[in-house]
Amino acid sequence: MHIEFLSMANKIVLWGYMGSGKSTVGQALATQIDYPFVDLDTHLEEEHSQSIASLFQSHGAIGFRKIEQEALQQVLKMKSSMVISLGGGTPCYFDQADILAQHPEVHVFYLKYSPKVLSERLFQERLTRPLIAHLETQELLEEFVAKHLFERSSFYDKAHHTVVCDQKAVEQLVLEIKAFLHQ
Ligand code: S3P
């Protein structure tokens, strides 16, 4: 069933730190409201036939952010309604947070977790993530995440809605997002 809260195309954007389940929640939400789903990281990997880690390596951190920005602009130009999950850093570069928050077709949700839960969720999979692969213990990871999240919060807080996520199941998060969309 399509949500009929606006007549024009709707782009429901999920942002938040690495490990906050943007892809899982985005996919579940898209299925439930019958919207197409775009995961920006997956879109980038497919476009460039390279993993995110290897894009970071071959283009450098700033080169990666430029590629990411271009990919997001392309997706936003698509005419249809959709759910889009961003990479954790996407809204923190090139005014992307303001551009998205002020875009007439875009509804932004911030999936917000505490640094403690994020570091628990990220520890086992950190080796595939270029920004945290070097952190050897969960304590070091939590320290890094707390500082990094603090630096990024001013961008994440520009979302139209914040969904507090600690201890909630995916189903619950989808319900909360749908409730916001129906307001
Ligand atoms: C990044 C998050 C990653 C990916 C890249 C950089 C970040 O996406 O885009 O490794 O800067 O937080 P996910 O948040 O989907 O893991």
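The values are calculated or read from the model by the stated rules, or taken from the named source; none is laboratory data. Note that this is a predicted model, so its numbers are computed, not measured. Ideal geometry is used to build each Cβ from the backbone, glycine not excepted, and the neighbour counts take in all protein chains shown.
Numbers below:
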| read-out | value |
| --- | --- |
| Output for region 13-34, where each listed residue is crowded, with 18+ Cβ neighbours inside 10 Å, closer than 23 Å to L127 by Cα and within 9 Å of the chain's Cα centre (by Cα) | W15, G16, Y17, M18, S20, G21, K22 |
| Qualifying residue in region 94-112 (condition: surrounded by 17 or more Cβ atoms within 10 Å (Cβ to Cβ), among the β-branched types (V, I, T) and not in a helix (DSSP H, G or I)) | yes |
| Selection from region 144-175 of residues that are more than 19 Å from G26 (Cβ to Cβ) and surrounded by fewer than 17 Cβ atoms within 10 Å (Cβ to Cβ) | A146, K147, F150, E151, S153, S154, D157, Q167 |
| Test for K178: is it surrounded by 16 or more Cβ atoms within 10 Å (Cβ to Cβ), of a type in the set (D, E, K, R) and either at pLDDT 95 or above or within 23 Å of V13 (Cβ to Cβ) (or both) | no |
| Test for V163: is it outside any loop (DSSP other than H, G, I, E, B), farther than 24 Å from I62 by Cβ, modelled with pLDDT of 95 or more and not charged (D, E, K, R) | yes |
| Criterion (under 28 Å from E176 (Cβ atoms), more than 12 Å from the chain's Cα centre (by Cα), more than 10 Å from the ligand (Cβ to nearest atom) and not small (G, A, S)) met by exactly one of H59, H48, H107 | H107 |
| Residue satisfying condition, being more than 22 Å from E151 (Cα to Cα) and either more than 14 Å from the chain's Cα centre (by Cα) or surrounded by 16 or more Cβ atoms within 10 Å (Cβ to Cβ) (or both), within set S80, S119, S85 | S80 |
| Near pairs, Cβ below 7 angstrom, 6+ apart or cross-chain, from region 14-30 (under 12 Å from L173 (Cα atoms)) to any residue that is acidic (D, E) and within 9 Å of the ligand (Cβ to nearest atom) | G26/D39 |
| Criterion (touching a residue at least 40 places away in the same chain (Cβ under 8 Å) and away from the ligand (no atom under 13 Å from the Cβ)) met by exactly one of A101, A53 | A101 |
| Restricting region 35-45 to residues that are surrounded by fewer than 20 Cβ atoms within 10 Å (Cβ to Cβ) and of a type outside the set (D, E), the residue that is nearest to the ligand (Cβ to nearest atom) | T42 |
| Scope region 139-157; condition within 15 Å of the ligand (Cβ to nearest atom) and in contact with a Lys or Arg (Cβ under 8 Å, 6 or more places away or on another chain); matching residues | L141, Y156 |
| F180 being of a type in the set (F, W, Y) and free of Cβ contacts under 8 Å to residues at least 24 places away in the same chain | no |
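So that you can scan it fast, the table gives a plain yes or no per residue for (1) assigned to a loop (DSSP other than H, G, I, E, B); (2) over 20 Å from L14 (Cβ atoms); (3) in contact with a Leu (Cβ under 7 Å, 6 or more places away or on another chain):
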{"site": "R121", "(1), (2), (3)": "no, no, no"}
{"site": "A133", "(1), (2), (3)": "yes, yes, yes"}
{"site": "E136", "(1), (2), (3)": "yes, yes, no"}
{"site": "E139", "(1), (2), (3)": "no, yes, no"}
{"site": "A146", "(1), (2), (3)": "no, yes, no"}
{"site": "R152", "(1), (2), (3)": "no, no, no"}
{"site": "F155", "(1), (2), (3)": "no, no, no"}
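Residues checked against (1) in a helix (DSSP H, G or I); (2) modelled with pLDDT of 95 or more:
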{"residue": "F56", "(1), (2)": "yes, no"}
{"residue": "A61", "(1), (2)": "yes, no"}
{"residue": "F64", "(1), (2)": "yes, yes"}
{"residue": "V75", "(1), (2)": "yes, no"}
{"residue": "S80", "(1), (2)": "no, no"}
{"residue": "I84", "(1), (2)": "no, yes"}
